[in-house]
Number of protein chains: 2
Amino acid sequence: MKLMQLYASLKSDLQTIEDTLAKSVSSDLPLLNESAQHLLKAGGKRLRPVIVLLGGKFGEYSLDRIKPIAAALELIHMASLVHDDVIDDAATRRGQPTVKAKWDNRIAMFTGDYINGKALVVASELGDPRIHQILSGAIVQMCIGEMEQIRDFFNTDQSVRNYLLRIRRKTALLIAISCQLGAIAAGAAPAVSNALYRFGYQVGMAFQITDDLLDICGTEKKIGKPPGSDLRQGNITLPVLHALNEPAIRDELLREIARIRDGEGAADSAAAVKLVRASGGIRASELLADRFKDKALRELEKLPNIPARKNLADIAKFVAQRSY
Amino acid sequence: MKLMQLYASLKSDLQTIEDTLAKSVSSDLPLLNESAQHLLKAGGKRLRPVIVLLGGKFGEYSLDRIKPIAAALELIHMASLVHDDVIDDAATRRGQPTVKAKWDNRIAMFTGDYINGKALVVASELGDPRIHQILSGAIVQMCIGEMEQIRDFFNTDQSVRNYLLRIRRKTALLIAISCQLGAIAAGAAPAVSNALYRFGYQVGMAFQITDDLLDICGTEKKIGKPPGSDLRQGNITLPVLHALNEPAIRDELLREIARIRDGEGAADSAAAVKLVRASGGIRASELLADRFKDKALRELEKLPNIPARKNLADIAKFVAQRSY
């Protein structure tokens, strides 16, 4: 399943969102304009706007009402990528130099702030206070997730529960509210928007675990960055946590992680990646991603059987899809 | 006039705001908690909450309705200070080590993001979409102001108009909407809230020009940081722009500024500060600050003569007050 097939039915609406995004990040300030436009052109899957649009199909679908939400969610996501790059010392994202690499940390920080602000400006068009409560609440949780990630850098003693709480805040919550807010903007009943929230949450968890697996198992060509990037920055993900629980691997992996930490970004993570790949952590993580995907699919069964339900199911299957 | 006298009539309401602020920035995450609480304890004049409260006196004053706005405005201001410190490489603010100096840039960035998010959460309690439109619009303008400041670092060819536009976005706008939103939350008529917006704008301009003057003319004891900090980071302020227009000073000042720029933060700005102090730029800037203050006072005359009007007049006089 290619995402493009999935998106075919939404093509014209997505183009409208794309135009709204381009308009939202345009300004008279060349410095800001260039950095924001650069980010926009680097693309991305536009997963969140698609989910907002599909969520909207469960109510009275009106592109005019759903458009600001879809754009706002993608802008919040974009802003978090920009700020993530400041943290990650990442030089490329999606195969393109990051805003931070092209300009510097300060520009990246204010570009992120600006895009976040624009998200709220766009969302405020709707004049629905619930939308603001949900959006601002999610932004706060995302920040906590980012801080938790910093706190947990190179912490090899963290629990799986710790990891799950972190990715919940960092990733799953924004996807959950994307689905929920699409439905709310379309005036769907609370039972429907709540089920869509839970669906989005499960999809988000499956998505992040799969993303973390790809960082270990993928090739540079496939993932657009060298594998083991997470480990190099100190981010201990699920497959690594599982690998650390294997006595035959633990000590060597701990030594490798300590070496990476002490190398302060200069050390190679290839040996650690090799150890994790050879561990049962890959299979265990795949199983958990699939469990979240299955829960997402079951959540959908409670919803009316409209075409958008099939599309959401395809998205759940897509995000948990692995080819490495 | 001491600010404390001015605040006396608002003392109990300000304590409530202080409690709301403390609650807003508390979290279960020690890393975040400590950095945010640290910032809170460093204090500050709480100028924006005071202005919100006074704005609210022009409508049906209800602390319950005005409290979220007052807290939100101070939180947005605090977030901008945290992000400013990332930019400024500032080691102290208000005599205390900055969040950035105590932790690092990444923590400072996400602390700022978190506080900004909390501001919006607090403001969303009111359920008034206009408030969100005004708040998010102001956040966007502040970001543009920050980017403009980066763009204009060490640019000795910028116009006074350029400087004024920058401080309008960076400072004046937030004070303007503080006054306006207080009135809006209290249900004041648009003519009143608009006049208060204009008052706040003029006060904000007078405030920033005076602040920029203090950085040149103040002592380290008085301003809590070494004078000439703005110049060291490349921020060319109004007195410097005026001094650059004086033929007897221009060439030497240009050489000093180039030396500071090439020293990348290590160079001393004392010689440049001395040149500016001896120039007519001080007097010209004082005159402009006073003009903004006078415009602010004239704006007040259009408003009903309630006690809060006198308080706002005192604030206008206070912010333009100089002792160096």
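Hull volume per residue, based on the alpha-carbon atoms of segment B:19-93 and their convex hull, is 88 Å³. Under 24 Å of direct C-alpha separation, and excluding same-chain neighbours fewer than eight residues apart, B:Lys293 reaches these lysines: B:Lys2, B:Lys45, B:Lys57, B:Lys170, B:Lys222, B:Lys302, B:Lys310, B:Lys317. The residues A:Ile257, A:Ile177, A:Ile249, when put in order of fewest to most other Cβ atoms within 10 Å, stand as A:Ile249, A:Ile257, A:Ile177. Note on the protein assembly as shown: dipole from Cβ charges, positive end direction compared against A:Ala248, A:Leu10, B:Gln149; the farthest Cα belongs to A:Leu10. Take each residue in A:146-155, count the other chain C-beta atoms within 10 Å of its C-beta, and the mean is 4.
Only Lys, Arg, Asp and Glu carry charge here, each on its Cβ (+1 for the first two, -1 for the last two); on that basis segment B:142-219 has a dipole of about 300 debye about its Cα centre. Sorted from shortest to longest, the distances between the A:Ala189 label points of this copy and the other copies are 4.7 nm, with each point 7 Å from Cα along the line through the beta carbon.
Averaged over peptide A:131-138, the number of partner chain Cβ atoms lying within 10 Å of each residue's Cβ comes to 6.
Among B:His77, B:His242, B:His132, the largest mean-square fluctuation in a Gaussian network model of chain B (Cα springs under 10 Å) belongs to B:His132.
With label points defined 7 Å past Cα in the direction of Cβ, position B:Glu18 shows copy-to-copy spacings of 5.5 nm, given to one decimal and shortest first. Shown is the FRET efficiency for B:Lys45 and B:Lys11, computed with R0 = 22 Å from the Cβ-Cβ distance and rounded to the nearest 0.05: 0.95. For segment A:3-321, the alpha carbon positions stretch 57, 48, 33 Å along the principal axes, listed from largest to smallest.
Separation of segment B:245-303 from segment B:159-215 is 21 Å, based on Cα centroids. Here the translational diffusion coefficient of the protein assembly as shown follows from Stokes-Einstein with Rh set to the Kirkwood radius across Cα pairs; for 37 °C and 0.692 mPa s it amounts to 125 µm²/s. Given +1 at the Cβ of Lys and Arg, -1 at the Cβ of Asp and Glu and no other charges, the dipole of the protein assembly as shown around its Cα centre is 960 debye to the nearest 20. When each of B:Glu220, A:Glu74 is scored by the number of other beta-carbon atoms lying within 10 Å, the sequence from fewest to most is B:Glu220, A:Glu74.
Bear in mind that the values in this text are calculations on the coordinates, not laboratory data. Everything quoted here is computed from the prediction, not taken from an experiment. Note that each Cβ is placed from the backbone with ideal geometry, even for glycine, and that neighbours are counted across all protein chains shown.
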